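Chemist: Pasting a structure below so you can have a look.
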Amino acid sequence: MNDRNRHSDSNRPRRGPSGSEGPSDGRLVEVHSQLSRDKDEPAEGFSLTPIFIVFLFCGFGFWAGVYLTNNAGGFSASAFDLDAPKVVVGGGPVVFEPDAAKGEQLFLANCAACHQATGLGVPGAFPPLAKSIWVTGSEDRLIKAILAGFAGEIEVNGVKYNGNMPNIGAGLKDAQVANIATYVRQAWGNAAEPVMDTKVAEIRKAIGNRAQYNPADLLKEHPLETK
Ligand code: HEC
């Protein structure tokens, strides 16, 4: 030790009243090892996320999914697409659209046994619907025929028939009759306007639960069009 190192230095441990130089080396080592024992073991790299936090976040994600599913309010991705087709969500009157595809199914189930799927009928027994003015002419006449049926002589495309057609339409809904009428007016090369269910309802109301039409009587109400 020389004098230079002994000049006053406030950072140095003060001398105790006993004159000794602070804690002894042994004491320092002891305190140090005690401190390092109280600290956590130094570990390399990252410490693992506690599993509890992982579950918490997974649970939160799940809850958010359920919440969105229940509260999305029918939001659709096309909500801001001005060109997207407008979908009426619930409510509002359901507008009838004549549907020839549905009409075809109903025709096959209710009419084809006699008039055939080809619409050509059976010679001598069932008249054809293809190219028949009874089909493509007045829709009132066609609807009446389907609702009440026929009995008596009828001439179709120059051929006479005298058969019996039951009142098929009496057991069908307005929309079903309209779809059948629309189908037969547009199948097999026929090209006439579709038929609305409201028209069927109107005619059903007008004729009530009547007997089959004699074709000649029906022609008095709706004469055959001259093409
Ligand atoms: C049980 C057999 C039978 C069924 C089923 C039947 N028809 Fe007819 N249909 C006839 C007969 C028979 C005539 C001719 C009536 C007559 O001679 O007076 C006829 C005539 C017609 C006529 C007028 C003549 C013509 O050929 O254009 C139309 C239209 C017609 N039927 C449509 C239908 C439609 C639509 C259905 C189904 C909803 C149907 N028919 C179901 C037997 C049937």
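The values are calculated or read from the model by the stated rules, or taken from the named source; none is laboratory data. What you see is a predicted model; the values in this text were computed from it and never measured. Positions of Cβ are backbone-derived with ideal geometry, glycine not excepted, and every protein chain shown enters the neighbour counts. SASA here: full protein model, heavy atoms, side chains in, ligands and nucleic acids out. Shrake-Rupley method; radii C 1.70, N 1.55, O 1.52, S 1.80 Å.
Chemist: I'd like to know if the range 182-189 contains one or more residues that are assigned to a helix (DSSP H, G or I), open to solvent by 20 Å² or more (accessible area, probe 1.4 Å) and of a type in the set (Val, Ile, Thr).
Modeler: No, there is no match, as no residue in the range 182-189 is assigned to a helix (DSSP H, G or I), open to solvent by 20 Å² or more (accessible area, probe 1.4 Å) and of a type in the set (Val, Ile, Thr).
Chemist: Something else about it: Mind checking which residues of the range 143-181 are within 8 Å of the ligand (Cβ to nearest atom), part of a loop (DSSP other than H, G, I, E, B) and either in contact with a strand residue (DSSP E or B) (Cβ under 8 Å, 6 or more places away or on another chain) or under 14 Å from residue 212 (Cβ atoms) (or both)?
Modeler: Matches in the range 143-181: 149, 166.
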